[in-house]
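What follows is a single structure, written as C-alpha cells, with notes after it.
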Amino acid sequence: MRKWLKFTPGFILLVYVFAFLFLRNPAEKWDRIINSDGKGYYAYLTAIFIYHDLDFKFLEEYEKNYYPEDKAVFKEFRAHAYGKVVNKCFAGLAIVWLPFFLLGHFLSIILGYPADGYSMIYQYSIAVAAFFYLWLGCFILYKLLRKFNASEKQAAFITLLIGLGTNLIYFTVIEGSMAHVYSFCLITVFLYSTYQLFHTGTRWWFALSASLIAIILLIRPTNIVILLLIPVMSGGWKNMRETLQQLLLKPVILGSGIVLFLIFLSFQVTIWYLQTRHFLVYSYGNESFNFLDPHAFSILFSYNRGWFIYTPVAFLSMAGLAGIFRENKAKFLWVFFFLIAFIYVASCWWMWYYASKFGQRIFIDIYALIAILLVYLFRIIQSKKIYVIMLTTLCMLLTGLNLIQFYQHAKWIFPETYITRQIYWNSFFTLHLKAQVFLPQEAITGKNSFINDMEKDLGWMNPETLNETDVVSGKKSSMIDSVHSCSVGLEEKVQPEISSRNAIIKVTAYILSAGKKSISSLIVDFQLEEKSYCYTAFNLEPFLRDHEWIKIEYAIYVPREFPENTFVKIYFYNPSASVPLFIDDLKIDFLSLKDDMDYRSIEGVRFPCRK
C-alpha cells in the first residue's frame with residue numbers, strides 16, 4: 001500500500017483532468033481558458049513575441065475573434081501611468097507560462113492553427129500549465145510534509161486534503177489563468193528549497209530560493225510576507241546563523257542567487273521603463289490598500305467569500321497552532337505573526353473579497369502552511385486512535401462538501417460575486433441552477449405589481465394560450481409552442497409605474513417544460529410607437545427540468561433614459577413544435593429604487609440592451 005502513496009499528486013491531477021473534461025468546453029467563447037485577470041498576465045507574452053506592441057492595441061482584435069460580444073467577460077487590463085499605457089497586472093505569470101506558450105506557438109504553426117496567441121492550442125497550453133504547476137506543487141508539498149516528520153500516510157492524506165478539500169481545485173480547473181495555483185506551487189517549492197538550504201550541505205538551494213522569491217513577488221508583490229516563514233524552515237536561530245555564515249564564505253553561490261534574483265525582477269522593471277521611461281510604476285490606478293480600514297473578520301468569516309466559511313479545512317487547521325506551540329514557542333510566534341500579517345494585508349485591499357468566485361482565493365497561495373498546520377494537528381492527537389479516526393472522518397466529510405460546492409460554483413448555482421447568508425443557505429442544498437434574484441429590501445422606495453394566475457382573461461396579451469393541460473395551481477396555465485409561441489404577457493406603459501430613474505422590473509413565474517430540450521426564453525421588450533428599441537431575451541434552458549414545475553425569478557433594470565411614451569412588453573417565447581412550455585402564476589413588479597451607486601448594479605440584475 002505504501003508504495004502507492006507517492007502517487008497521490010498524480011491521483012489529484014487525474015481528478016482535476018476529469019473535472020476539466022466534464023465541466024469545461026474551451027471551444028465555447030464563454031468558456032475560454034485565458035480569461036479574467038489571466039488576460040492581463042498573458043498579454044505580456046503575445047505583446048512581446050507576436051504583436052511587438054507594449055501598448056496592447058491588439059486587445060480589441062482578440063476580443064472580437066475569440067470572446068463573446070457581450071462585455072460581461074471583457075477584461076480591460078490597460079491602465080495609464082505617466083501618460084503612457086501600462087498593463088495593470090505584473091509579469092510573473094508570463095515567466096512561468098513561457099515554456100507552455102512557446103510550445104503552443106510552435107504547435108499552432110505546424111498544425112495550421114492561427115498563430116495569434118489566442119487560438120485553441122494556446123488556450124489549452126495554459127490549461128496544461130495550470131495542471132503541471134498543480135502537480136508540481138502537490139508533489140513538493142508531499143516531500144515538504146515528510147520533512148516535518150509526517151508519516152507517509154499522513155503526508156499523502158494531507159496532500160489529498162489540500163488538493164480536493166480546498167478551493168485550489170476551482171482555481172485550477174475553472175480559472176486556471178488566475179495566479180493562485182502558480183503561487184501555491186512556487187511558494188511550496190520556495191519553502192521546500194529554503195528548508196533544504198538550512199538542513200543540507202548543498203548551498204545551491206540559495207540560488208533556487210532567490211529565484212523563486214523573485215518570481216513570487218512578480219506574481220503578487222504582497223506575498224513578500226512569506227519571508228516571515230524562513231525561521232520556521234530553518235529549524236532555529238543557531239542553524240540559520242551558521243548557514244548564513246557559510247553562504248558569506250561562498251561568494252559564488254551567494255552572488256549567483258543575488259544575480260538571479262535581480263535578473264528576474266529586471267523583467268518587470270525593463271517593461272515599465274520601455275512603456276513609461278520610469279523604472280517603478282504603480283499600475284493599479286485608484287485600486288489600492290487602505291491599511292487603516294482592514295476587513296479581517298469579513299475576509300475570514302463573511303458569507304461573501306469568507307475563507308473559513310468556504311474552506312472549513314483551513315479553519316480546522318488553525319488548531320495545529322497548538323501543536324507548534326507545544327513543540328517550539330519561537331516557531332509558533334513566527335507562524336502566528338505570519339498569519340496575522342498575511343490576513344491583515346489581504347483584508348486591507350479596496351475590494352477585500354477580491355471578486356472571488358469560490359471562497360477566498362488569495363489564501364490559496366499559502367496552502368503549504370495550512371498543510372503543515374494539519375500535520376501538527378494530527379500530531380497532537382496521534383496517541384488517541386479514536387481521535388485520529390474522528391479527525392480523519394471529519395476531514396473526509398469536509399472534502400466531500402468542498403467538491404459539492406466546487407461543482408455548485410462551476411455551474412453558477414452560487415452567484416458570481418456577492419453572497420449573503422440568505423443566498424448561501426438557499427443555494428446550499430441544491431445541485432441545479434436556479435433563476436433567482438435577491439434584492440436588498442432597503443433599496444426599494446416604490447412598488448407596483450401585476451399578477452396573473454391564468455384562471456381567466458385579465459386583458460393581458462395572448463389570452464388564446466390559456467389551457468387546462470398542466471397547471472401548478474388552479475385550473476389553467478398558459479401553454480406556448482410553435483402554433484402560439486408567445487405566452488400570456490403584460491403590455492404596460494413604463495410611466496407612471498416607476499417613480500425613480502433607478503428602477504427594476506422583476507418577473508416571477510412558475511414554468512414547466514414538456515421535454516428535455518427547450519429553446520424558450522423570457523422576453524422584456526421596451527417599445528416606442530410599437531417599435532422595439534431595447535429588446536432583451538433571457539434563455540430559460542439552463543434552469544428547466546423535464547416535466548417539473550420550477551419557480552423562476554428575473555430582474556432587469558429599466559433604461560435610465562427612456563422616451564416618455566415607452567411601453568414594455570413582458571412575455572415568454574417558445575418556437576418549438578415538439579417541446580411545449582407552460583407558464584403559471586405570473587407576477588411582474590415595477591420597483592423604484594434609491595438612486596445610489598450601490599443600487600445601480602445589483603448582483604443578478606440584468607442590464608437592458610447590454611453590449
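The values are calculated or read from the model by the stated rules, or taken from the named source; none is laboratory data. In this text the structure is predicted, and so the values were computed from the model without any measurement. Please note: Cβ atoms are built from the backbone with ideal geometry, for glycine as well, and neighbour counts cover all protein chains shown.
Let's see how each residue does on (1) without any contact (Cβ under 8 Å) to a residue 24 or more places away in the chain; (2) acidic (Asp, Glu); (3) under 25 Å from residue 231 (Cβ atoms):
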| site | (1), (2), (3) |
| --- | --- |
| 266 | yes, no, no |
| 284 | no, no, no |
| 337 | no, no, yes |
| 342 | no, no, yes |
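Candidates are the residues of segment 507-556 that are farther than 16 Å from residue 586 by Cβ and touching a helix residue (DSSP H, G or I) at 6+ places or on another chain (Cβ under 8 Å); the one that is modelled with the highest pLDDT is 519.
Only a single item in (1) within 19 Å of the chain's Cα centre (by Cα); (2) touching a residue at least 60 places away in the same chain (Cβ under 8 Å); (3) at negative phi is not met by residue 80, and it is number (1). Sort out which residues of segment 262-290 are under 18 Å from residue 215 (Cα atoms), in a helix (DSSP H, G or I) and among the β-branched types (Val, Ile, Thr), and write them in order of number. 263, 269, 270, 271 - these are the residues of segment 262-290 that are under 18 Å from residue 215 (Cα atoms), in a helix (DSSP H, G or I) and among the β-branched types (Val, Ile, Thr). Looking at segment 152-261, the helices (runs of 4 or more DSSP H) lying wholly inside it that each contain 3 or more residues that are touching a residue at least 24 places away in the same chain (Cβ under 8 Å) and surrounded by 20 or more Cβ atoms within 10 Å (Cβ to Cβ) sit at 152-164, 170-173, 180-199, 205-219, 230-234.
Does residue 55 count as in the same structural domain as residue 169 (by TED's automatic domain parsing), more than 24 Å from residue 216 (Cβ to Cβ), under 22 Å from the mean Cα position of the chain (by Cα) and touching a residue at least 24 places away in the same chain (Cβ under 8 Å)? So residue 55 fails the test. Within segment 534-552, is there a residue that is hydrophobic (A, V, I, L, M, F, W, C), without any contact (Cβ under 8 Å) to a residue 40 or more places away in the chain and surrounded by fewer than 19 Cβ atoms within 10 Å (Cβ to Cβ)? So far as segment 534-552 goes, yes, one or more of its residues are hydrophobic (A, V, I, L, M, F, W, C), without any contact (Cβ under 8 Å) to a residue 40 or more places away in the chain and surrounded by fewer than 19 Cβ atoms within 10 Å (Cβ to Cβ). Show me the strands (runs of 3 or more DSSP E) entirely contained within segment 435-496 in which 2 or more residues are at positive phi and of a type in the set (D, E, K, R). Ranges flagged: none.
Each row is one residue, and each column tells you yes or no for (1) of a type in the set (Phe, Trp, Tyr); (2) at pLDDT 95 or above; (3) closer than 18 Å to residue 355 by Cα.
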| site | (1), (2), (3) |
| --- | --- |
| 146 | no, yes, no |
| 149 | no, no, no |
| 171 | yes, yes, yes |
| 179 | no, yes, yes |
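The residues listed here are 132, 101, 74; of these, the one that is under 23 Å from the mean Cα position of the chain (by Cα), surrounded by fewer than 18 Cβ atoms within 10 Å (Cβ to Cβ) and closer than 30 Å to residue 160 by Cα is 132.
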